[in-house]
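Worksheet for the structure shown next.
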2 protein chains.
Amino acid sequence: MTEGSTTTLGYAILGLLAREALSGYDLASRMRARVGFFWQARHSQIYPELTRLEEGGLVTHHVVEQSDRPDKKVYRITDSGFAALSEWVTEPPPGPRAARDELVLKAYSLWLAEPELAVALFRDQEEVHRERLLEYERIEGWMEKEWGEDILRTESPRFASYAALQRGIINERGYVEWCRWVAEQLERGKGGAG
Amino acid sequence: MTEGSTTTLGYAILGLLAREALSGYDLASRMRARVGFFWQARHSQIYPELTRLEEGGLVTHHVVEQSDRPDKKVYRITDSGFAALSEWVTEPPPGPRAARDELVLKAYSLWLAEPELAVALFRDQEEVHRERLLEYERIEGWMEKEWGEDILRTESPRFASYAALQRGIINERGYVEWCRWVAEQLERGKGGAG
DNA sequence: GCCTTCATGTAAGAAGTTACATGATTGT
DNA sequence: ACAATCATGTAACTTCTTACATGAAGGC
């Protein structure tokens, strides 16, 4: 195809390339570090997608030769890539299809669990999400310190980064709250509520 | 395989069958209504999975003949199904792999959007999630009224249903909060923050 | 006449994960 | 010696979605 449209993964990649030119390898690590909490992709998915984006004219690449390490292909977003991304941003997402959470599924069958193991699971998950929350709050602090007022300038990519991070923070807070509540109920229940 | 293990979808099905015997068709509608906010599956995925579960000895079925409508296969969880489910519940989930949210991805590229369209998108999504929250809170109220103290008896399936629902409520509250915050920032920004 | 509900399946394709494959440099 | 980082790809597989296929009963 030569059209100006792509998959959701494609838009995730374009969103990163709209900020800076990157290699496939760098994109993969940015995926983990920057947008990892709401979209992930392995390099095995990224490389083919970059090829398709280039076929569609949304990105281009040039080879950067390096002496000490392997050469790399640095990808840059094109005007038509910017156009496609800008259009996609405000299109309503087609229903929140993929909301899959295995822990909530486990909660749904919690009545079958051994109480001590169940408490351990939810205390453990509470801790996992508390750590993640702390991590996000550290990034938040860094953004506020380094970027100052830019984080509230809606025409700046910094605002967009900050806004996405806020979703992560709110989500983790809720997750911690929920895990703690479940664990407390289980602990209270252990005493024996007939 | 004749072993006592299955996929996550398999456990989702077992979680429903642990409460009541159901046909594939009923399972599909329960998936939408009961566990739809944290796990979904179409009938095209459910029917083959039921066959696999039966091959693994985790469920059995018997045909119920009906005069006014098509005959159906009613599936029942087996002892070995209960055992597999009970074991799985307290096993730690293998990292929260699938946390994909297209709206957060859009937020990440919001700086490229037309401000009015962006506000419209987030006000719209705020409304969508507010409605969903209201729906969940209605179910919560129904559970509290109909089930009374059972919802806090951790050995009861009603507690498990209530706990899963709580995750949905907390999540939607956070989502609404975030959408409103983003929309407010965009509206404030429209005036012109230099 | 047409749509919805009930009822069960298969087929084709898209999306995502895990594993295979290679190879240099730098740090422990 | 061993592992990690940088760097790019392919192959096989699982998972999930969309579409195809059929057919009766009941409501509008």
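The values are calculated or read from the model by the stated rules, or taken from the named source; none is laboratory data. What you are looking at is a predicted structure, and each value in this text was computed from that prediction instead of being measured. FYI the Cβ positions are ideal-geometry reconstructions off the backbone, even for glycines, and counts take in every protein chain you see.
The conditions of being more than 17 Å from the chain's Cα centre (by Cα) and among the hydrophobic types (A, V, I, L, M, F, W, C) are not met by A:Val35.
The single residue among A:Gln40, A:Gln66 that is assigned to a loop (DSSP other than H, G, I, E, B) and either closer than 21 Å to A:Arg19 by Cβ or in contact with a strand residue (DSSP E or B) (Cβ under 6 Å, 6 or more places away or on another chain) (or both) turns out to be A:Gln40. All of A:Arg52, A:Arg32 fail the test of being out of contact with any Phe, Trp or Tyr (no Cβ under 6 Å at 6 or more places or on another chain), assigned to a helix (DSSP H, G or I), within 12 Å of DNA strand D (Cβ to nearest atom) and within 14 Å of another protein chain (Cβ to nearest Cβ), apart from A:Arg32. If the condition is being within 26 Å of A:Ile169 (Cβ to Cβ) and either at the interface with another protein chain (Cβ under 7 Å from one of its Cβ atoms) or β-branched (Val, Ile, Thr) (or both), then the stretch B:145-172 contributes B:Ala163, B:Ala164, B:Gln166, B:Arg167, B:Ile169, B:Ile170, B:Asn171.
Can you name the condition, by its number, that A:Gly57 falls short on among (1) away from every other protein chain (no Cβ under 14 Å); (2) in contact with a helix residue (DSSP H, G or I) (Cβ under 9 Å, 6 or more places away or on another chain); (3) within 16 Å of DNA strand D (Cβ to nearest atom)? All conditions are met except number (3). Within the set A:Leu134, A:Leu110, the sole residue that is away from DNA strand D (no atom under 16 Å from the Cβ) and loosely packed, with under 13 Cβ neighbours inside 10 Å turns out to be A:Leu134. Right, B:Glu55: farther than 19 Å from A:Trp111 by Cα and among the charged types (D, E, K, R) or not? The answer is yes for B:Glu55.
The conditions of being among the small types (Gly, Ala, Ser) and at the interface with chain B (Cβ under 9 Å from one of its Cβ atoms) are not met by A:Ser67. Here the condition is being in contact (Cβ under 8 Å) with a residue 12 or more places away in the chain and over 30 Å from A:Glu127 (Cα atoms); of A:Lys106, A:Lys72, it holds for A:Lys72 alone.
Looking at this structure, is B:Arg130 in a helix (DSSP H, G or I) and over 20 Å from A:Leu165 (Cα atoms)?
In short, yes.
From the list B:Ala118, B:Ala163, the lone residue that is in a helix (DSSP H, G or I) and over 24 Å from A:Arg100 (Cβ atoms) is B:Ala118. The set of residues in the stretch B:136-163 being β-branched (Val, Ile, Thr) and under 22 Å from B:Gly36 (Cβ atoms) consists of B:Ile139, B:Ile151. Those residues that are within 10 Å of DNA strand C (Cβ to nearest atom) and either within 18 Å of A:Leu9 (Cβ to Cβ) or surrounded by 13 or more Cβ atoms within 10 Å (Cβ to Cβ) (or both), I need them from the stretch A:41-71; list them, please. Result: A:Ala41, A:Arg42, A:His43, A:Ser44, A:Gln45, A:Ile46, A:Tyr47, A:Pro48, A:Glu49, A:Arg52.
When B:Arg19 is tested against (1) within 14 Å of another protein chain (Cβ to nearest Cβ); (2) surrounded by 20 or more Cβ atoms within 10 Å (Cβ to Cβ), only condition (2) is not met. Please state which one of A:Ala84, A:Ala118, A:Ala99, A:Ala113 is in contact with a Gly (Cβ under 9 Å, 6 or more places away or on another chain) and at pLDDT 95 or above. It is A:Ala84.
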